[in-house]
Amino acid sequence: MPVRIQSEDFDAGHEIATLRRGNQQIGAIASFIGVVRDTNDGDRVAEMTLEHYPGMTEKSIAAIIDQAKARWRIFDALVVHRVGLLKPLDQIVLVVVTSGHRGDAFAACEFIMDYLKTRAPFWKKEQTAEGEQWVEARASDDIAAERWRLKG
């Protein structure tokens, strides 16, 4: 399955090996791992909680992967996204894309990650010294995703 939402950690090396297994046409693998930082907008973050809407989240991410497959020549893509309580240095998300060539793999990987940040139904709450706070969407994420919008 190209999309998994889970609370437990993931092994990126194992996930990459599994995705590429048996396909001798793969010439490029691009991946991205998102990690919890200990600061956000100057506030120290002790932990964060990621929530999602089960079923809807998986469908939304699968649609993002389908868009990437339609735009670039890629063989497959995988998204593993964690939910629940996470602490600084914990892995949050893994995106892996396989292709025959690096350009397609890099572009599709970046596209998937940009769209995850702006279109996937996740909600993030951080615990700081000032208390809990919901994290608002960033304008910079919207700008990054906007560059992928098809013109015309």
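Observations on the model:
- Checking each residue in the range 4-24 for being touching a residue at least 24 places away in the same chain (Cβ under 8 Å), surrounded by fewer than 10 Cβ atoms within 10 Å (Cβ to Cβ) and over 24 Å from MET48 (Cα atoms) picks out no residue at all.
- Residues located in the range 120-137, provided they are of a type in the set (Gly, Ala, Ser) and touching a residue at least 12 places away in the same chain (Cβ under 8 Å): ALA120, ALA129, ALA137
For (1) part of a helix (DSSP H, G or I); (2) modelled with pLDDT under 95; (3) farther than 16 Å from LYS117 by Cβ, each residue gets a yes or a no:
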site	(1), (2), (3)
VAL45	no, yes, yes
PRO54	no, yes, yes
GLU58	yes, no, yes
ALA62	yes, no, yes
ILE65	yes, no, no
ALA70	yes, no, yes
ASP76	no, no, yes
VAL79	no, no, no
LEU85	no, no, yes
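- Selected residue [under 20 Å from ASP38 (Cβ atoms) and hydroxyl-bearing (Ser, Thr, Tyr)] from THR98, THR128: THR128
- Of all residues making up the range 1-43, the number that are among the polar types (S, T, N, Q) and outside any strand (DSSP E or B): 5
- Residue satisfying condition, being surrounded by fewer than 17 Cβ atoms within 10 Å (Cβ to Cβ) and in contact with a Ser or Thr (Cβ under 8 Å, 6 or more places away or on another chain), within set PRO121, PRO88: PRO121
- Restricting the range 94-142 to residues that are at pLDDT 95 or above and of a type in the set (S, T, N, Q) leaves a set whose member that is nearest to the chain's Cα centre (by Cα) is THR98.
The values are calculated or read from the model by the stated rules, or taken from the named source; none is laboratory data. A quick note: this is a predicted structure, and the numbers were derived from the prediction, not measured. Glycine also receives a Cβ, built like all others from the backbone with ideal geometry; neighbour counts cover every protein chain displayed.
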